[in-house]
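Reviewing the structure listed below.
The values are calculated or read from the model by the stated rules, or taken from the named source; none is laboratory data. These numbers were taken from a predicted model, which means no experiment stands behind them. Here the Cβ is made from the backbone with ideal geometry for all residues, glycine too, and neighbour counts use every protein chain on show. Calculation scope for accessible area: heavy atoms of the full protein, side chains included, ligands and nucleic acids excluded. Shrake-Rupley method; radii C 1.70, N 1.55, O 1.52, S 1.80 Å.
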Amino acid sequence: MSKTTFTTHHGMTDLLPGEIEQWQALESLIHETARRYHFQEIRTPVMEQTELIARGVGQLTDIVSKEMFTFDRGEDHYVLRPEGTAPVARAYVQNHLAQRGGTQRLYYIGPFFRAERPQKGRQRQFHQFGAELIGSSSAIADVEIIAFMTAVYRQIGIKNTTLKLNSVGDPASRDAYRNALHDYFRPLSDKLSEISRNRLDTNPMRILDSKEDQDQPLKADAPKITDYLSEKSREHFDTVKELLDRLDIPYEMDPFLVRGLDYYTETAFELVSPDLGSQDALGGGGRYDLLIEEVGGQPTPAVGFACGIERLMIACEALGITLAHPTGPDIYFVTRGEEAARWALEKMPELRNCGLVCTMDYSGRSLKAQMKDANRQQARFAVIIGEQELQENLFTLRDMVKSEEYQVTSDDIADRVQA
RNA sequence: GAGCCCAUAGCUCAGUCGGUUAGAGCGCCAGGUUGUGGCCCUGGAGGCCGUGGGUUCAAUUCCCAUUGGGCUCCCCA
C-alpha cells in the first residue's frame with residue numbers, strides 16, 4: 001500500500017494561517033503607503049516573453065544566463081518573471097501610458113521566480129514590492145522613490161537600516177570608469193581571487209562586489225566612479241544627495257555599490273539590514289534611463305526600486321515586530337442536536353450581516369469538546385443552543401474572556417456581543 | 001555551478017558504543033464533569049527512525065548513493 005505524497009518544488013513554500021496574517025498586514029501597509037505617495041498599482045502577468053527579460057535585464061547578467069524558469073510552446077518562449085522592472089517597462093510601452101501625460105507613478109507587489117540555490121532570504125518563488133516612476137529625469141523623482149521605499153520600513157518600525165548610495169553615471173562616464181578600473185586591476189591580476197580575475201576583462205565593475213577576503217585590500221585603493229562622472233551626472237547626483245539631506249533621509253556613500261542589472265544608470269541605492277544574514281539587502285533600486293527605449297519605447301527616463309518581502313519578514317522576526325495576530329470569531333455556536341445546529345446555521349447570516357464573525361461546530365461533538373474548540377479558536381463568546389433554549393427562546397451567551405454567562409433571546413445576541 | 005552541516009511521532013528533540021515490543025515534552029482525540037473552555041489527573045491514537053543499496057547472524061544505529069532541508073560562496077530582493 002504505497003501512498004504517493006506531493007511536496008512543493010525546491011525553494012517554494014506554502015504560506016499558512018498563523019503566518020499569513022503578518023503578510024497581509026505588511027501588504028496592506030505597503031498599499032497604504034503607496035496610496036499616500038500617490039503611486040498606483042499595476043499588475044502584470046507572471047509570465048513574459050523570454051526575449052523581453054533577456055533584453056531588458058541583460059544577456060550577461062546571472063539572472064538571464066542561468067536563473068530563469070523558461071519553457072516553450074510552439075513558437076512562443078515563456079519565462080516566469082524574475083524581476084518587476086522590465087515587465088512594467090513593457091506594460092508602459094505596450095499600453096501607451098506615456099499618452100496619459102505626465103509621469104507615471106506605478107507600484108507592484110507579487111511573486112517572482114529565479115532558479116537559484118535557496119538559502120536564508122532567498123527562495124525560488126519569492127515576493128517583491130516595488131515602484132517605478134517613469135517619465136522624469138529630475139533628481140526629485142529619484143528622491144521620491146527613495147522616500148517611498150524608506151517610508152515603508154519606517155512605518156513598519158524597522159529602523160536599523162542603512163541606505164547605501166552611489167552613482168553609476170551615464171554610459172560615457174561608465175566607459176571611462178571601466179577603463180580606469182581595468183588599468184588599476186590589470187597589474188594586480190595575480191593577487192585577485194579567481195572569480196575577480198575572470199571579471200577583469202568581462203565586467204571589471206563587478207570586482208567591486210566581491211566578498212572574497214583577498215580582494216578587499218585591493219578594492220580599497222581602486223578608483224571610484226564618482227571621480228569619473230560627467231558634469232551632468234555629478235550635478236544630478238549632488239542634487240539627489242542635497243534633497244535627501246533636506247528630507248532627513250540618512251545615507252551612506254558606497255563607491256563600490258554597482259548594482260547587478262544592466263539597465264541601471266546614474267543613481268544607485270540599496271537598503272541593507274544587519275538582521276538578514278548573508279543576504280543583507282532589503283531592497284534596492286536606481287535610475288534606468290535606457291530601459292524603456294531598450295524594450296521598444298521612446299527614450300524615457302525612469303527610476304525605481306524593488307524590495308524582497310521574505311527579507312522584510314526576516315527583519316521583522318529579528319526585531320520582534322508583529323503587526324497582526326490570528327483573530328478568533330466573535331461568536332462560536334455550541335449546539336446540542338441536529339435541530340440546534342440548523343438553527344445556528346440559519347442565525348449566522350443575520351449576525352454576519354451585522355459585521356460579526358461567526359462560526360459553529362460541524363461535528364456534533366460533546367458540549368465539552370465544542371467549548372474546547374471555541375476556546376482554542378479564541379472565540380469571544382460562545383452561544384449554547386439545546387432543545388430547551390429553542391423552546392424558550394432563551395440562549396446561554398458565555399463570555400469566554402470574563403467567564404460570565406447571560407440568558408439572552410435570539411434577537412438580543414447581536415446587541416449583547418456588540419455592546 | 002562549488003563547499004559544509006542536518007534528516008527519529010503533527011511540532012521540538014532524546015536514544016540505540018549494531019541486538020527482543022523506539023521514548024519524552026508539546027499538540028491531537030477521549031474520559032474524569034451524562035449541558036460548559038482555559039488549570040489538573042487518567043487513558044488513547046499517531047513512527048516500516050527520509051529513500052535505495054552495501055557490510056553483518058542482526059542496521060534506526062556503520063558505509064555508499066540519492067532525495068529533501070539548513071547555512072555559505074557566486075549573485076541577487
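Tabulated data for the structure shown
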read-out	value
Accessible surface of chain A [probe 1.4 Å, protein heavy atoms]: carbon and sulfur percent	47
Test item: Cα-centred dipole of the range A:227-320, Lys/Arg +1 and Asp/Glu -1 on Cβ, debye	140
Kirkwood estimate for chain A, i.e. one over the average of 1/r between Cα atoms, Å	25.1
Sorted peptide list for A:84-94, A:381-391, A:162-172, A:343-353, criterion being average Cβ within 10 angstrom, highest first	A:84-94, A:162-172, A:381-391, A:343-353
For chain A, with +1 on Lys and Arg beta carbons and -1 on Asp and Glu, the positive-most of A:ASN375, A:THR8, A:VAL408 along the dipole	A:THR8
Reachable lysines, given that their alpha-carbon falls under 20 Å from the alpha-carbon of A:LYS232 and they are not under 8 places away in the same chain	A:LYS224, A:LYS241
Area of A:LEU282 that stays accessible when all protein chains are in place (1.4 Å probe, Å², to 10)	0
Square roots of five times the Cα gyration tensor eigenvalues for the range A:15-166, Å	26, 22, 16
A:GLU339/A:VAL401 FRET efficiency (R0 35 Å; Cβ-Cβ; nearest 0.05)	0.75
Viscosity 1.002 mPa s, 20 °C: Kirkwood-radius Stokes-Einstein D of the range A:221-320 over Cα pairs, µm²/s	139
Solution diffusion estimate, µm²/s, Stokes-Einstein, the range A:172-226, Kirkwood Rh from C-alpha pairs, 37 °C, viscosity 0.692 mPa s	299
Residue-level accessible surface for A:LEU133, protein heavy atoms, 1.4 Å, Å²	10
Reach of A:LYS191 by Cα under 19 Å, taken over lysines that are not fewer than 8 positions away in the same chain	A:LYS211, A:LYS219
Separation of alpha-carbon centers, the range A:268-288 and the range A:46-95, rounded to whole Å	23
Net charge, A:PHE112 excluded, C-beta distance under 12 Å - Lys, Arg +1, Asp, Glu -1	-1
Cα-based shape type of the range A:262-305, given that a ≥ b ≥ c are square roots of the gyration tensor eigenvalues and the cut on a/c is 1.5	prolate
Computed over chain A: relative contact order in percent, which uses C-alpha pairs under 8 Å that are six or more apart	16
For chain A, calculated [θ]222 nm from helices alone, where every DSSP H run of n ≥ 4 adds -39500 (n - 2.57)	-11000 deg cm²/dmol
Antiparallel DSSP beta bridges within chain A, percent to nearest 5	80
Cα-centred dipole magnitude for chain A, charges only on beta-carbon of K, R (+1) and D, E (-1), debye, nearest 20	440
The range A:185-207 residues near the modelled A:ALA220 label - backbone nitrogen below 12 Å, point 7 Å along Cα→Cβ	none
Relative contact order (%) - the range A:331-418, alpha-carbon pairs under 8 angstrom, separation at least six	30
For the range A:331-418: rounded, prolate or oblate by the Cα gyration tensor [a/c cutoff 1.5]	rounded
Formal net charge of residues neighbouring A:ALA340 (Cβ-Cβ distance under 9 Å; K, R +1; D, E -1)	-2
Alpha-carbon centroid distance for the pair the range A:328-380 / the range A:291-324, whole angstrom	43
Alpha-carbon centroids, the range A:386-411 and the range A:129-207: separation in whole Å	66
Unit charges on C-beta of K, R, D, E only; dipole of the range A:331-418, Debye	500
Residue-level accessible surface for A:SER137, protein heavy atoms, 1.4 Å, Å²	70
Degrees separating the helix A:20-36 axis from the principal Cα axis of chain A, which is the longest one	60
DSSP-defined beta bridges in the range A:331-418 - what % are antiparallel, rounded to 5	55
Residue-span extension gain [A:GLU27 to A:THR7] - 0.36 nm each, minus C-alpha spacing	4.5 nm
Value of D in µm² per second that Stokes-Einstein yields for the range A:95-245, Kirkwood Rh from Cα pairs, at 25 °C (0.890 mPa s)	131
Gain upon complete extension [A:THR162, A:GLU346; 0.36 nm per residue less C-alpha separation]	60.7 nm
Rounded accessible area per residue of the range A:331-418, 1.4 Å, Å²	59
Radius 13 Å from Cβ of A:VAL357, net charge of other residues (Lys, Arg +1; Asp, Glu -1)	+1
Sequence ranges A:301-308, A:119-126, ranked by mean other-Cβ count within 10 angstrom, highest first	A:301-308, A:119-126
Highest average packing first - A:320-329, A:366-375, Cβ atoms within 10 Å	A:366-375, A:320-329
Extreme residue, positive dipole direction of the range A:21-157, given options A:GLY84, A:GLN22, A:ALA98 (C-beta unit charges)	A:GLN22
